[in-house]
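Contents: one structure, followed by commentary.
The values are calculated or read from the model by the stated rules, or taken from the named source; none is laboratory data. Note that the structure is predicted; figures quoted are calculated from it, not measured. Cβ coordinates were reconstructed from backbone atoms using ideal geometry, including for glycine residues, and neighbour counts include every protein chain displayed. Side chains are part of the model used for accessible areas, which takes the heavy atoms of the whole protein and leaves out ligands, DNA and RNA. Shrake-Rupley method; radii C 1.70, N 1.55, O 1.52, S 1.80 Å.
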Amino acid sequence: MLDKPWFAPKLLSTNYACSESDLYDRVLVDAECTHDGSLAHVQKYERWGWEHLDTQVVNNNRSQSVPILQSQLLENGWRMLKPGGVLVYSTCSLSRFQNEYVLGGFLSRHAEHEALVEVIPLLQNQVAASPIWQPSCAEEWVGLEQHRGVFARMKCAVRLDPRVSNTSGMFIARIRKLSDVQTTFDVEDIAPLKLET
């Protein structure tokens, strides 16, 4: 009998049914992404050919499907977390659709009394982190007005911008599970924020 599955990506990408004894204190969701923030990854395209960049990163189908997969990975990771536990969501992308929109979709499904985005102590004074992307003018808020509270809740998430932090580009959010509410969502409801028209 297997006490706890050892291969987390397999677990997180399926509909694993957790009993209370199978829950974890900490969960890392280092989500699949387009790797556009990873300088080393982007440099590989010099060797592979820039046409591969189009199919792997910029391709419209991939740029639309990756945030949906990320949302599902984040939700499944959350289901495996004990109340009081911490989940870290990270990508090596600079795309707001894979970062703030995915986290925003998650926070819109989980109320303030369920999920809290916390300050990341290690990054507080060690690395020059950039603030997350937020709409900064009236035009950028078009279609997102109803999500102002969600953006306010994610203010402690961080971006590592290569120009500022001297690292590859990354997005990191540390989320504490405040309650034992286990809400089940239909797969089609697990999605990033959507622009309302």
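Some notes on this structure:
- Filter result (open to solvent by 20 Å² or more (accessible area, probe 1.4 Å), more than 24 Å from GLU145 (Cα to Cα) and among the polar types (S, T, N, Q)) within the range 73-115: ASN76
Every residue, every condition in (1) touching a Ser or Thr at 6+ places or on another chain (Cβ under 6 Å); (2) among the charged types (D, E, K, R), yes or no:
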{"position": "CYS137", "(1), (2)": "no, no"}
{"position": "GLN146", "(1), (2)": "no, no"}
{"position": "GLY149", "(1), (2)": "no, no"}
{"position": "ALA152", "(1), (2)": "no, no"}
{"position": "ARG159", "(1), (2)": "yes, yes"}
{"position": "ARG163", "(1), (2)": "no, yes"}
{"position": "ASP180", "(1), (2)": "no, yes"}
{"position": "LYS194", "(1), (2)": "no, yes"}
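- Pair list, Cβ under 7 Å, 6 or more apart: the range 68-94 residue closer than 16 Å to LEU23 by Cα, other residue in a helix (DSSP H, G or I) and of a type in the set (Phe, Trp, Tyr): LEU74/PHE106; GLU75/PHE106; LEU87/TRP78
- Residue within the range 163-179 that is exposed (fewer than 13 other Cβ atoms within 10 Å of the Cβ), in contact (Cβ under 8 Å) with a residue 40 or more places away in the chain, not β-branched (Val, Ile, Thr) and not in a helix (DSSP H, G or I) present: yes
- Among residues of the range 28-42, those that are modelled with pLDDT under 75, open to solvent by less than 40 Å² (accessible area, probe 1.4 Å) and outside any loop (DSSP other than H, G, I, E, B), counted: 1
- Being in a helix (DSSP H, G or I) and at negative phi holds for only one residue in LEU87, LEU116, LEU122, and it is LEU122.
- Sole exception among (1) within 24 Å of LEU73 (Cβ to Cβ); (2) touching a Pro at 6+ places or on another chain (Cβ under 8 Å) for TRP141, by number: (1)
- Filtering the range 110-121 for residues that are of a type outside the set (A, V, I, L, M), free of Cβ contacts under 8 Å to residues at least 40 places away in the same chain and under 23 Å from GLU32 (Cα atoms) leaves an empty set.
- Members of the range 90-113 that are within 24 Å of TRP141 (Cβ to Cβ) and in a loop (DSSP other than H, G, I, E, B): SER93, LEU94, SER95, ARG96, PHE97, GLN98, ASN99, HIS110, ALA111, GLU112
- Residue in the range 100-119 that is among the aliphatic types (A, V, I, L, M), touching a Ser or Thr at 6+ places or on another chain (Cβ under 9 Å) and under 22 Å from SER65 (Cα atoms) present: yes
- Check on TRP141, without any contact (Cβ under 8 Å) to a residue 40 or more places away in the chain, farther than 18 Å from ARG109 by Cβ and either open to solvent by 40 Å² or more (accessible area, probe 1.4 Å) or under 18 Å from the mean Cα position of the chain (by Cα) (or both): no
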